[in-house]
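These notes concern the structure reproduced below.
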Amino acid sequence: MSEALKEGFDYVIWMDADTHILNPDISTQDMINVMNDKDIVIFTDPGRLDIRNTEWSKAFINFIWEYPNFNKIENPDMHEQGVMNNVYSKNIMKSRERMILLNSFNWVCYTVPC
């Protein structure tokens with residue numbers, strides 16, 4: 001992610017290998033439009049991050065990777081997700097002002113009949 005942001009792309013999207021595309025009619029642009037003025041959207045469940053290339057998002061990603069006790073936060077099997085949850089819940093780096101957390105299932109249900 002950090003390298004892709006350095007390359008100068010406007011957005012970087014990360015999806016876990018087990019992400020399922022449930023509605024191919026929802027475009028990447030539709031997902032980016034959800035961001036409004038935020039720098040990062042975290043879709044829970046399938047593990048997706050949409051990151052706008054800003055100085056804040058670069059600093060945030062670096063902060064996450066360098067976070068003390070990175071693998072011991074909350075759930076050691078979740079690695080960066082545990083750190084992001086901890087940082088968000090404590091509003092470190094004013095993360096609540098710069099990020100959106102969306103439940104992926106709700107996003108799908110709001111955009112298609114469930």
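Observations on the model:
- Residue match in segment 93-104 (condition: modelled with pLDDT under 75 and charged (D, E, K, R)): no
- Residue, modelled with the highest pLDDT, within segment 39-79, restricted to residues that are out of contact with any helix residue (DSSP H, G or I) (no Cβ under 6 Å at 6 or more places or on another chain) and assigned to a loop (DSSP other than H, G, I, E, B): Thr54
- One residue from Val108, Val83 being surrounded by 12 or more Cβ atoms within 10 Å (Cβ to Cβ) and modelled with pLDDT of 55 or more: Val83
- One residue from Asp25, Asp18, Asp37 being out of contact with any Leu (no Cβ under 6 Å at 6 or more places or on another chain), in contact (Cβ under 8 Å) with a residue 60 or more places away in the chain and exposed (fewer than 10 other Cβ atoms within 10 Å of the Cβ): Asp25
- Condition check for Ser2: at pLDDT 85 or above and either among the β-branched types (Val, Ile, Thr) or within 23 Å of Tyr88 (Cα to Cα) (or both): no
- The condition of being within 15 Å of the chain's Cα centre (by Cα) and not small (Gly, Ala, Ser) holds for only one of Asp18, Asp30, Asp39, that being Asp39.
- Search result, residues across segment 23-44 that are under 17 Å from Phe60 (Cβ atoms) and of a type in the set (D, E, K, R): Asp37, Lys38, Asp39
The values are calculated or read from the model by the stated rules, or taken from the named source; none is laboratory data. All of these numbers come straight from a predicted model, not from anything done at the bench. Every residue, glycine among them, receives a Cβ derived from its backbone with ideal geometry; neighbour counts consider all protein chains shown.
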